[in-house]
Amino acid sequence: MKNFSFRKMLFLSMLAMLMVIAAACSSGSSTTEEKKPSSGDSDKPAEESKDPIKIGVLASLSGGLESYGKQSTQGFELGLEYATDGTMEVNGQKIEFFVEDTETKPEVAIQKATKLIEEDGVDFLVGSSSSADTLAVLPLAEEYEKIMIVEPAAADSITGADWNEYIFRTARNSSQDAVAGAAAIAKEGVKIATLAPDYAFGRDGVAAFKEAAEDLGAEIIHEEYADPAATDFTSNIQKIIEAKPDYLFVVWAGANSPWNQIADMKVQENGIKISTGAPDIPALATMDALVGMEGFTVYYHQLPKNEINDWLVEKHKEKFNGEVPDLFTPGGMTAALAIVEAIKKTDGDTNADKLIEAMEGMSFETPKGKMTFREEDHQALQTLYAIRLEKVDGVDYPVPVLMRELSPEETAPPVRN
């Protein structure tokens with residue numbers, strides 16, 4: 001009996017020890033196990049990680065529009081920082097972006113856009129610096145049902161004849177430029193000649209300017225188109241001088257600008273006043289001969305007076321070795337702001353139909369003030385600036401000085417799609 005009692009007590013002791021060990025093992029297990037719901041607990045679903053928002057940026061990082069590509073990509077990066085308070089997250093989703101160089105070649109732009117969509121799996125496309133590159137990519141946005149934010153390409157046909165519903169443009173278009181340019185010089189009886197590059201941006205720009213100028217009573221007596229890659233404009237400028245206009249209105253983009261030859265051939269001494277859109281700072285440095293010119297600009301860092309532009313100027317200097325934001329920097333920022341605002345509106349849904357619904361008519365704040373995507377063609381209505389080029393102490397290039405702001409309503413272009 002004693003033997004039996006002893007064995008019984010030993011068995012109970014061992015059983016108690018096993019229970020203690022089991023309890024200890026249970027108390028040391030992962031806390032995440034305790035938080036997992038049971039298969040029947042439908043009221044408390046497990047937290048799932050959300051897919052990142054992926055954005056593909058197309059830009060001319062080489063070629064004739066390299067400086068524009070640099071400006072817009074720097075602005076885009078800062079725009080994401082501003083819109084997310086530095087977190088690079090929206091709606092609990094990480095934002096990833098990929099930048100590809102189009103080399104300012106439409107065929108390369110198509111290859112790079114296809115790579116961004118098929119290999120990188122982007123939800124949005126942004127770009128590009130060249131209207132020709134952008135026009136080549138528009139059909140891909142429709143084919144793959146991806147929203148494309150156009151910045152800074154300006155050809156009217158992008159939101160006109162070649163537009164599709166997946167295209168939204170934060171950049172101004174040629175018609176907006178034209179309205180601003182015409183407001184500066186066109187009136188009854190004024191004779192105007194034009195000079196532009198011979199591709200979509202230049203021809204669309206002249207067509208839009210001609211329409212706006214003629215509405216104000218001016219006459220376009222000569223249109224001159226030059227090779228976009230030209231470095232010698234002698235014959236073009238000579239034909240303009242022979243036409244004897246009151247004004248020469250120039251539409252141009254790129255480093256190979258005609259300003260030095262216009263000065264060398266003494267166009268103004270022939271009684272022809274020059275007018276154009278004030279370009280980026282490197283091009284302004286070649287325009288000393290045009291001091292006093294009245295025209296317009298898309299942006300100059302001292303012109304907009306608002307908190308976002310103040311932030312942009314300060315952060316750009318801080319991040320890029322003291323440089324101020326240039327002509328297309330705020331456009332890159334605006335493209336980023338538009339995407340983040342759209343994602344907020346859809347609660348992170350990147351379905352194209354949901355995004356289109358959210359973005360049509362959407363207003364949002366930018367370094368240039370409030371912009372609105374017009375429902376009919378998704379063109380952003382925006383402020384432009386009537387300016388005069390003046391010499392300013394301490395600045396080694398002619399500075400665009402504000403004559404007056406041209407409101408989004410005043411510069412609203414015709415719907416052409």
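Here is how the numbers come out for the structure above:
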{"read-out": "E242-E118 pseudo-label distance in nm [points 7 Å out on the Cα-to-Cβ vector]", "value": "5.0"}
{"read-out": "Segment 226-328: relative contact order in percent, alpha carbon pairs under 8 Å with at least 6 residues between", "value": "22"}
{"read-out": "FRET efficiency, 1/(1 + (r/R0)^6) with R0 35 Å, evaluated for K344 and E214 via beta carbons", "value": "0.25"}
{"read-out": "Amide hydrogen neighbours beyond the local backbone of K94, cut-off 5 Å, H modeled", "value": "I53"}
{"read-out": "Dipole of the chain, positive end: most advanced residue of G127, V324, V179 [Cβ charges, Cα centre]", "value": "V324"}
{"read-out": "Violating pairs (Cα-Cα greater than 25 angstrom) within the set K94/K319; K244/K391; K146/K344; K50/K315; K50/K115; K70/K368", "value": "K244/K391; K50/K315"}
{"read-out": "DSSP bridge orientation in the chain - percent antiparallel, rounded to nearest 5", "value": "35"}
{"read-out": "Sparse-neighbour loop sites [GluC sites (Glu not before Pro); segment 132-227; at most 16 other C-beta within 10 Å; DSSP]", "value": "E145, E165, E188"}
{"read-out": "Residue-by-residue Karplus 3J(HN,Hα) for segment 58-70, coefficients 6.51, -1.76, 1.60, Hz, glycine and proline x", "value": "9, 8, 7, 9, 8, x, x, 10, 4, 5, 5, x, 4"}
{"read-out": "3J(HN,Hα) from dihedral phi, segment 196-206, Karplus parametrisation 6.51/-1.76/1.60, rounded to Hz, x for glycine, proline", "value": "8, x, 8, 7, 3, 4, x, 5, 5, x, 5"}
{"read-out": "Cα-based convex hull volume of the chain per residue, rounded to whole Å³", "value": "177"}
{"read-out": "For segment 47-150: rounded, prolate or oblate by the Cα gyration tensor [a/c cutoff 1.5]", "value": "oblate"}
{"read-out": "Folded to 0 to 90 degrees: helix 329-345 orientation relative to the chain principal axis, Cα", "value": "40"}
{"read-out": "Largest to smallest accessible area among F98, F320 [probe 1.4 Å]", "value": "F98, F320"}
{"read-out": "Whole-percent carbon and sulfur share, accessible surface of segment 84-186, 1.4 Å", "value": "45"}
{"read-out": "Helix axis angle, 307-319 relative to the chain longest principal axis, alpha carbon, degrees", "value": "80"}
{"read-out": "Amide hydrogen neighbours beyond the local backbone of V99, cut-off 5 Å, H modeled", "value": "V57"}
{"read-out": "Simple spin-label estimate for K266 and K315 in nanometres, 7 Å along Cα-Cβ", "value": "5.1"}
{"read-out": "Highest-first arrangement of 106-116, 375-385, where packing means the average Cβ count within 10 Å", "value": "375-385, 106-116"}
{"read-out": "Within-11-Å neighbourhood charge of V340 [Cβ basis; K, R +1; D, E -1]", "value": "-2"}
{"read-out": "Distance between segment 56-70 and segment 344-378 - C-alpha centres, whole angstrom", "value": "25"}
{"read-out": "Segment R404-N91, extension gain: residue separation times 0.36 nm, minus the distance between their alpha carbons", "value": "108.8 nm"}
{"read-out": "Solvent-accessible area per residue, Å², over the chain with all protein chains present [probe radius 1.4 Å]", "value": "47"}
{"read-out": "With every protein chain in place, segment 209-300: carbon and sulfur % of accessible area (1.4 Å)", "value": "46"}
{"read-out": "Amide H contacts under 5 Å for L327, placed H, 5+ residues apart", "value": "I281"}
{"read-out": "Relative packing of 176-187, 60-71, 254-265, 232-243, which averages over residues the other C-beta atoms within 10 Å, highest first", "value": "176-187, 60-71, 254-265, 232-243"}
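The values are calculated or read from the model by the stated rules, or taken from the named source; none is laboratory data. This one's a predicted model, so the numbers in the text were calculated from it and none came from an experiment. Because the Cβ atoms are built from the backbone with ideal geometry, glycine has one as well, and the counts that use them run over all protein chains shown. These accessible areas exclude ligands, DNA and RNA; they are computed on the full protein's heavy atoms, side chains included. Shrake-Rupley method; radii C 1.70, N 1.55, O 1.52, S 1.80 Å.
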